[in-house]
Every structure is written in C-alpha cells, then in structure tokens.
Amino acid sequence: EAKEVEPMIPFCPMPGGALTANTQMLRDNGIMEKYPEIIRAMGEVVRKGGFGTSVTPVSQFYFQQAFNNVMMGPWKKIADGYGKMVLGYFGRTPTAPDPEVIRIASEQLKLEPTTRPVLELNDADPSKGIEPAKQMLRDAGITDLSDENIFIAATCKEKGIDFLLGNAPLGIRMKKTETEAAPAENSGPKRVTVNGRSFLVELSEGKAVVNGSSYTVSVSDGSGETAMSGGDSGGGGEVIKSQTPGKVFKLLVSEGDQVRKGQVMLILEAMKMEVDIQAPRDAQVTRIHVEIGGQVKSGQALLTLL
C-alpha cells in the first residue's frame, strides 16, 4: 500500500510512519480490506478539518476520523483529537474548519469552540502538569519520581501507569519457528462450525469462552449433556453491539446495575482511540458479554439491557 505514486496526496495525506502504524492496526483487527475506503474518506476529513499539517499527531486525527466515518457513518462519531483540533484546542488551523463539523464536534465532545492560547488552556487544566503526574505515580504505589516516570505518567495517563507497573501489553510481533508455532493438541481456542456459523471456542476449568464471551459450563466426557449458564436465555432485552473492532479497555458497570441514558457503560480501545459505549436509554444491565482486555469484532455483543 506504500508504493503508489499519487499526485493528489496533499489532499489525502498519510505519512509513512502513520501509514505503517494504521495498516498494522487494521490487520490486527482483521479489517485491512477497509483501508482503501478509509483513505478515500480522508479527503473530506482533511478539507473539513481545516488542512492541519499532516504530521504526528494530526495525521492520526485524520485517520481516526476517516475510520469512524467509514465504520460508524459520516460524522456519527467525532474522534477526540480531531474534534478538539477543529474546535481550536490545539491552535488555529490553516483554513477555517467546516462550520457543521464544528457544531457536531462541540455537541458530541461537550466543548465550546475556543481561541484561547494552547498554553493558557493547559495551564488552567488541573489534571495537567508535574504535580498531578507525581500524584498519579504515588497513587499507583510508584515511588520512583524520576523525570522519565513523570513524563510517562503525564503524557500517557493510565496506560503509562500500566506500562510502569508492567501490566501493559507489549504488542511485539515475532516470527516463530515451526516448533514454537505448533500448539499443543488440546490447548487454545478451537474453531467450530454449527449450523453454518463459525465460532471460536475454548473450554477451561468450568468456563467456556465463545467468540470472546464467557459462560459457566459443566461438561462430561463423550456426548452427555452440557449445562451452560450466563448466556442469552431468550428472555429478551436489547443487545448493545460494537460498531467497530477493538479491545475492551474499561468496564464501568456490573450485571444488575441501573444505567441512565447517555451513561458510559464500557470503553473500547480502537485505532489508538477510546470509544465510549453509552446507554441508549434508562435501563438495567442484565448481561455483560465481554471482559477487560478482550478483543471484539464489529457487530459483536457487548452488553444486554432490559
């Protein structure tokens, strides 16, 4: 995808560093086929965003917004960085952003457009700066308040703390030898097909994980009965599905909780973005289909509301 000579690149910019990161994330999520459509969508995103210089992090803002426009519908979900850019929180763009996009971004992010200097905005934010970063480290039990650790906490927040605690996924891709790549005969998830539908299933110590959703099971050898609880019981309810592939970053509700319309119930991480999953109405959470750290596909069930 990086070999094409394209004279229109100024109107649809994707620098090499951003290109490789974004296409790898698309591959990781199994949606590389969306790449041409996302790149086409970037033309409108760049134009309506005010032609900000396409270097880090703006190139990522463009790709994230184009990704959202393709996966969720045009301007249905404003990426946080892109929205703040058009609203003026990173300074003034070379040309004025589209007024309708400004309105949508303001409405979704609940922020008013601003012309205040960026440094002034940052200085007025109590969550930013050296002291708040030191407090984050102390709260996590990290006593080494070195400049490096302060910088990591200040810039990466919770993910930085996870990194310092050794809890962050490394994401290292390594080519394995045939011996290393061959799984044990009965270990790991298995792909099964039932009534023409494909499922990824793993059984372990009374628990079954089916396409990322956990169930309690009691399985006997052979063809005896299998009891399963925790799945959809057919009792109704509204299933909230993911509009995009990603990883479950936070679960903010438990089964049985009452939620209000607009309340954030779950946060997905997709394409370096945090995607809030909000309650569409006042309801009760009757089922959570995913776990923190689990990978989800577009259209996969996340929660059931009653």
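The values are calculated or read from the model by the stated rules, or taken from the named source; none is laboratory data. All values derive from a computational prediction rather than experimental measurement. Glycine gets a Cβ as well: all are built from the backbone with ideal geometry, and neighbour counts include every protein chain shown. For accessibility, only protein heavy atoms count, side chains too; no ligands or nucleic acids. Shrake-Rupley method; radii C 1.70, N 1.55, O 1.52, S 1.80 Å.
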Kindly establish whether A208 is open to solvent by less than 80 Å² (accessible area, probe 1.4 Å), closer than 23 Å to H289 by Cα and at pLDDT below 85. yes
Among the candidates E185, E148, E180, residue that is out of contact with any His (no Cβ under 7 Å at 6 or more places or on another chain) and at pLDDT 90 or above: E148
Taking the residues in segment 117-153 that are assigned to a loop (DSSP other than H, G, I, E, B) and of a type in the set (D, E, K, R) as candidates, determine which candidate is nearest to N167 (Cα to Cα). D144
Residue match in segment 156-166 (condition: part of a loop (DSSP other than H, G, I, E, B) and within 30 Å of T20 (Cα to Cα)): yes
Among the residues of segment 82-116, what is the count of those that are open to solvent by 40 Å² or more (accessible area, probe 1.4 Å) and in a strand (DSSP E or B)? 1
Answer yes or no: is there a residue in segment 92-99 that is at pLDDT below 95 and basic (K, R). yes
Which one of these does A279 not meet: (1) open to solvent by 10 Å² or more (accessible area, probe 1.4 Å); (2) at pLDDT 90 or above? (1)
Some residue of segment 125-142 being touching a helix residue (DSSP H, G or I) at 6+ places or on another chain (Cβ under 8 Å), within 30 Å of R47 (Cβ to Cβ) and open to solvent by 40 Å² or more (accessible area, probe 1.4 Å): no
Residues of segment 267-305 being of a type outside the set (V, I, T), free of Cβ contacts under 8 Å to residues at least 60 places away in the same chain and not in a loop (DSSP other than H, G, I, E, B), in sequence order, are L268, E269, D276, Q278, A283, Q284, R287
Are any residues in segment 50-81 within 15 Å of E100 (Cα to Cα), touching a Ser or Thr at 6+ places or on another chain (Cβ under 6 Å) and buried (at least 21 other Cβ atoms within 10 Å of the Cβ), and if so, which ones? none
Within the bounds of segment 282-296, is there any residue that is farther than 30 Å from L19 by Cα, exposed (fewer than 15 other Cβ atoms within 10 Å of the Cβ) and touching a Lys or Arg at 6+ places or on another chain (Cβ under 7 Å)? yes
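Yes or no, residue by residue, for (1) modelled with pLDDT under 90; (2) within 18 Å of G81 (Cβ to Cβ); (3) among the β-branched types (V, I, T):
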site	(1), (2), (3)
K3	yes, no, no
M14	yes, yes, no
K34	no, no, no
A41	no, yes, no
R47	no, yes, no
S54	yes, yes, no
F61	no, yes, no
Of the conditions (1) at pLDDT 90 or above; (2) small (G, A, S); (3) farther than 20 Å from L121 by Cβ, the single one that G30 does not satisfy is (1)
